[in-house]
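Asks: The structure under discussion is supplied below as structure tokens; questions concerning it will follow.
The values are calculated or read from the model by the stated rules, or taken from the named source; none is laboratory data. None of these values were measured; they are calculated from a predicted model. All Cβ positions, glycine included, derive from the backbone under ideal geometry; neighbour counts span all protein chains shown.
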Amino acid sequence: MNIRHVAAGLPIVAATLSMTGIGSGALASTHHAGTAARAVTAPIAAPRPFGPACSTVPATGKGSFTGMAADPVATAASNNPVLSTLVTAVKKAGLVDTLNGADGITVFAPTNQAFAKIDKKTLAKVLADKKTLTSILTHHVVAGRKTPADLRRGRFTTLQGGKVATRGSGTTYKINNARVVCGDVTTRNATVYMIDTVLMPAM
């Protein structure tokens, strides 16, 4: 990272920065009486992955972050106990191959707790209706691997054709009204943001 100090009243005064490690640097500059200087600091990146629900992801095995990174997204989710209801829904909708075969996508993945917010009768009805279920699930998928920086203030078209709005910073992000509870999780073909509410498209 280069940071410049501009000295007022002089034609050109340049300061060179050399960075020896993440978040550290050495500064060389020329100071004169009456000189005003300003440093520009880059925002601190969020840890990867991040969020309170990340602690519920297994530490080892296929369902761990390392294990998920080796598999395509639907397979990776099937090995993660936090996403078991989502996996059931994906299988019922016949979307396993579609998601596993996609090249570079982002999935906003509702956790089991997100599905638990829907009353059991309604959820059972949705799971039995393949057309409606497919519409809901594809509303959680957007093209491209989105980074937290992309989500700070974004608006994306989903695979279903609807729109989702994103906002946030640091380790706090929302997708519409859903909160990201474990974000920036890597799978072989997708980036996953686990969310605490199911996103509902306009029907």
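Asks: Condition first: charged (D, E, K, R) and in a helix (DSSP H, G or I). Now tell me which residues in the stretch 69-117 satisfy that.
Replies: Within the stretch 69-117, K91, K92, D97 qualify.
Asks: Hey, another quick one. Within the stretch 152-173, track down each residue that is part of a strand (DSSP E or B), touching a helix residue (DSSP H, G or I) at 6+ places or on another chain (Cβ under 9 Å) and under 15 Å from V142 (Cα atoms).
Replies: Scanning the stretch 152-173 gives F156, T158, T166.
Asks: Next up: Does K62 meet the test of being in contact with a Phe, Trp or Tyr (Cβ under 9 Å, 6 or more places away or on another chain) and outside any helix (DSSP H, G or I)?
Replies: Judged against the criteria, K62 is not a match.
Asks: Based on this model, can you work out whether F115 counts as under 23 Å from N100 (Cα atoms), among the aromatic types (F, W, Y) and within 15 Å of the chain's Cα centre (by Cα)?
Replies: In short, no.
Asks: Which members of the stretch 175-190 meet the condition of being in contact with a helix residue (DSSP H, G or I) (Cβ under 9 Å, 6 or more places away or on another chain) and over 16 Å from Q113 (Cβ atoms)?
Replies: D184, V185, T186, T187, R188, N189, A190 - these are the residues of the stretch 175-190 that are in contact with a helix residue (DSSP H, G or I) (Cβ under 9 Å, 6 or more places away or on another chain) and over 16 Å from Q113 (Cβ atoms).
Asks: I'd like the full set of residues that are free of Cβ contacts under 8 Å to residues at least 12 places away in the same chain and crowded, with 17+ Cβ neighbours inside 10 Å, limited to the stretch 53-81.
Replies: S78
Asks: Next question. Can you pull out the residues in the stretch 174-202 that are within 25 Å of D97 (Cβ to Cβ) and assigned to a loop (DSSP other than H, G, I, E, B)?
Replies: Within the stretch 174-202, T187, R188, N189, V198, L199, M200, P201 qualify.
Asks: Are any of the residues in the stretch 82-96 modelled with pLDDT under 95, surrounded by 13 or more Cβ atoms within 10 Å (Cβ to Cβ) and under 23 Å from R145 (Cα atoms)?
Replies: Yes, there is a match, as at least one residue in the stretch 82-96 is modelled with pLDDT under 95, surrounded by 13 or more Cβ atoms within 10 Å (Cβ to Cβ) and under 23 Å from R145 (Cα atoms).
Asks: Would you confirm whether any residue within the stretch 188-197 is of a type in the set (G, A, S) and surrounded by fewer than 22 Cβ atoms within 10 Å (Cβ to Cβ)?
Replies: No, the stretch 188-197 contains no residue that is of a type in the set (G, A, S) and surrounded by fewer than 22 Cβ atoms within 10 Å (Cβ to Cβ).
Asks: Hey, another quick one. Look at the stretch 93-138 and say how many of its residues are in contact with a strand residue (DSSP E or B) (Cβ under 8 Å, 6 or more places away or on another chain) and small (G, A, S).
Replies: So the answer is 4.
Asks: Follow-up. Quick one: in the stretch 129-151, which of the residues that are touching a residue at least 24 places away in the same chain (Cβ under 8 Å) and assigned to a loop (DSSP other than H, G, I, E, B) is surrounded by the fewest Cβ atoms within 10 Å (Cβ to Cβ)?
Replies: Among residues in the stretch 129-151 that are touching a residue at least 24 places away in the same chain (Cβ under 8 Å) and assigned to a loop (DSSP other than H, G, I, E, B), the one surrounded by the fewest Cβ atoms within 10 Å (Cβ to Cβ) is G144.
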